[in-house]
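See below for the structure under consideration.
What follows draws every value from the coordinates through simple rules; no lab data is involved. In this text the structure is predicted, and so the values were computed from the model without any measurement. Cβ coordinates were reconstructed from backbone atoms using ideal geometry, including for glycine residues, and neighbour counts include every protein chain displayed.
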Amino acid sequence: MRISITRNNRISIASVIVILVVWKLLALHFHSRFILPGPEDTFLALCKLVVDKGFLAVVGTTVLRGLIGFAIAGVLGIATGILAGLYSGFNAFINPILVIIRSVPVIAITLLALIWFDPDSVPVFIGMLTMFPIVCTNVVSGMKSVDPSLVQMAEFYRVGKARIIRELYIPAITPFIFSGISSALGIGWRAIIVGEVLSQPKYGIGTKMQAAQTFLNVDMLIAWTLVAVLLSYMFESIIRAVEHKTVKWRRV
Amino acid sequence: MEEGIGMSLEIKGLCKSFGDNVIFSDFDISFEEGVITCILGPSGCGKTTLLNIIGGLVEPDGGTFSGFGGKRFSYVFQEPRLLPWKTVRGNIEFVLDPSLSPSERTSKADELIRRVELDGFADHYPSQLSGGMCQRVSIARAFACPSDIILMDEPLSGLDYALKRNLMVWFSQIWEKDRRTVIFVTHDESEARLLGNSTYVFSQAPVKIVSGRIP
């Protein structure tokens, strides 16, 4: 096992090196920091950006927007998914709504949100709307996978509905909730940053990206992109760690 | 069918069909309270359907039931039906009266775990137990529930002979302690002979009682 992890790690490192080499070759080819700065210039820009005193406010604000949007989408998505799993009528009601939310282009929602909300709330709204159907759909599939014989057992023993939901359905769908949250966050971050680019709140990674693009600070633009990638990766790791702790019964 | 004294649970004129498949047609049966009644019969004859009708899981097409009103049931299913994310203790606590305090629930669950001789396994998950141990937890759960009647649907099928025999002896011992009414369905004659205070032998569907109340 250890050997294979080490081998896979080496392959992953090799993949990153390939990206850096291709990047460097392209930078040499274009030979212009206004089109594509090299990895070393971008790294310097990243260092400059991280030590800047406004960095934490910018990143913190984007993270806060992400967390608010995600919390609303998570609670709504899980609750709606459970109800849709329990009651087929509600499922039939919610299905077209989910299909519509999923198929409307993010940009269309963003343009409308720009009319409806203040710049600080636009990214939250877009993030929420992008994440909600993903969480909800995963929870519905989870509900469908719950073993009906366990539900029959619980009902036979006259266990109350609230306890059946809390102690039977929710643990059974936990792996689905986590996979929903994980895919939702991946897409949600991108949507929130698109929202920030277009709504231009005072603080936000998207706002900074837009400013960098306006002034052709391509190194800064890529540096902020790297920050966004790292944030997404960090949250993905946190979710994996929480999942690992929560579903310990699966590992025994 | 011989009518005995102390028969207090009676079903008369039971009818049940699934489509064209008639399982019960004007069928009568009675059970004595406080004893283990075994129902023996070929697979698929309608034994489980009868248990499910008694337990309220299946609606009968017709028939009158006397003595069952207000009774509470426990069910030991063919497969243990344990919640995989709950420990042995958690699975037993799941069916306990929710008005009990957490400490009362734990002590009640632990007492049953001792009775089914699973001391030391209270914090184990079902995936860490053997099939026989899981079925013992399922039986402990049935005794934990404050029920009047325990319905058992071939709980020992799928276990090897030695384990089955041990479980039967062990089951009679726990049952002796509170002598609840048990209706035990099986297709294995040795189980019926060992466990049953009385036994009904069913024919193929539509069910007739071939012989009844063998001591």
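Straight-line reach from B:K16: taking Cα to Cα under 17 Å and skipping same-chain neighbours fewer than 8 places apart, the aspartates and glutamates in range are B:D26, B:D28, B:E59, B:D61. Cross-link reach is defined here as a Cα-Cα straight distance under 17 Å, omitting same-chain residues fewer than 8 places apart; for A:K161 the aspartates and glutamates meeting it are A:D147, B:E93, B:D97. Loop-resident trypsin sites (Lys or Arg not before Pro) (DSSP state other than H, G, I, E or B) in region A:127-221 with no more than 15 further Cβ atoms inside 10 Å of their Cβ: A:R158, A:K202. Placing a pseudo-label 7 Å from each Cα along the Cα-to-Cβ vector at B:N197 and B:T64 gives an inter-label distance of 2.6 nm. In whole Å, how far is the Cα centre of region A:20-97 from that of region A:185-209? Between the Cα centre of region A:20-97 and that of region A:185-209, the gap is 8 Å. Here's how it looks for B:Y200: its modeled amide H is under 5 Å from those of B:C38, B:I39, B:L40, B:R213, which are all 5 or more places away or on a different chain. Dipole orientation for region A:37-250: of the candidates A:T174, A:V122, A:L231, A:T174 has the Cα lying most toward the positive pole (charges on Cβ; Lys, Arg +1; Asp, Glu -1).
Each residue of region B:143-159 was assigned a 3J(HN,Hα) from its phi angle through the Karplus curve 6.51 cos²θ - 1.76 cosθ + 1.60 (θ = phi - 60°); the sequence is 6, 5, 5, x, 9, 9, 10, 9, 9, 10, 10, 6, x, 9, 5, x, 9 Hz, with glycine and proline shown as x.
Take the Cα coordinates of region B:141-215, assign each an equal point scatterer, and use the Debye formula without solvent to give log10 I(q)/I(0) at q = 0.12, 0.17, 0.28 Å⁻¹. Values, matching the q order: -0.36, -0.72, -1.46.
Label-to-label distance for A:S145 and A:Y233 is 2.8 nm, based on points extended 7 Å past Cα in the beta-carbon direction.
Per residue, how big is the convex hull around the C-alpha atoms of region A:88-202? Give it to me in cubic angstrom, could you? Intermediate values should be presented prior to the final figure.
Working: hull volume 13.7 nm³, N = 115.
Dividing the Cα hull volume of region A:88-202 by its residues yields 119 Å³.
Counting only Cα atoms, region B:83-147 measures 32, 21, 18 Å along its principal axes, largest extent leading.
Summing Cβ point charges (Lys, Arg +1; Asp, Glu -1) relative to the Cα centre of the protein assembly as shown gives a dipole of roughly 1660 debye. With the cut-off at under 17 Å, measuring from each backbone N in region B:105-137 to a point 7 Å along the Cα-to-Cβ line of B:N166 picks out B:114-122, B:128-137. Taking 23 Å as the limit for the C-alpha separation, the pairs B:K47/B:K208; A:K144/B:K164; A:K24/A:K53 exceed it in the case of A:K144/B:K164; A:K24/A:K53. Using the rule -39500 (n - 2.57) for each DSSP H run of four or more residues, divided by the residues of chain A, the 222 nm mean residue ellipticity is -28000 deg cm²/dmol.
For chain B, the relative contact order works out to 33 percent when only alpha carbon pairs closer than 8 Å and six or more residues apart are counted. Using a simple spin-label model with pseudo-atoms 7 Å out from Cα toward Cβ, B:S211 and A:R250 lie 5.3 nm apart.
In region B:1-140, taking the dipole from charged Cβ atoms about the Cα centre, the farthest positive-side position among B:I23, B:V35, B:C134 is held by B:C134.
Oblate is the label for region B:44-161, because the ratio a/c of its alpha-carbon gyration tensor axes (a ≥ b ≥ c) is 1.5 or higher and a/b is not greater than b/c. Once backbone amide H atoms are built at 1.01 Å from N, B:G63 has B:C15 as its partners under 5 Å, excluding neighbours fewer than 5 places away on the same chain.
Let me know the whole percent of all Cα-Cα pairs from the protein assembly as shown that are separated by more than 29 Å. Show your work: numbers first, answer last.
Values: 68840 of 108811 pairs.
Pairs farther apart than 29 Å: 63 percent.
Can you bin region A:202-252 into rounded, prolate or oblate? Criterion: square roots of the alpha carbon gyration tensor eigenvalues sorted a ≥ b ≥ c, rounded for a/c under 1.5, prolate for a/b above b/c, oblate for the rest. Prolate shape, in that a/c is at least 1.5 and a/b is the bigger ratio.
Trypsin sites (Lys or Arg not before Pro) within region A:4-81: which are DSSP loop residues with at most 10 other Cβ atoms inside 10 Å? Those that pass, being in a loop and sparsely packed, are A:K53. Dividing the Cα radius of gyration of region A:37-250 by 2.2 N^0.38 Å, with N the residue count, gives 1.20. Relative to its residue count, region A:1-67 spans a Cα convex hull of 144 Å³ per residue. As a length-normalised measure over Cα pairs under 8 Å and 6 or more apart, the relative contact order of region A:37-250 settles at 29 percent. Within chain B, DSSP assigns beta bridges of which about 45% are antiparallel (rounded to the nearest 5). Entry for region B:6-92 at q = 0.12, 0.18, 0.24 Å⁻¹: log10 I(q)/I(0) = -0.46, -0.90, -1.33, Debye formula applied to identical alpha-carbon scatterers, no solvent contribution. Given 10 °C and 1.306 mPa s, compute D for region A:31-145 with the Stokes-Einstein relation, Rh being the Kirkwood radius over Cα pairs; round to the nearest whole µm²/s. Rounded, D is 94 µm²/s.
In summary, chain B shows an alpha-carbon radius of gyration equal to 1.03 times the 2.2 N^0.38 Å reference for compact globular proteins.
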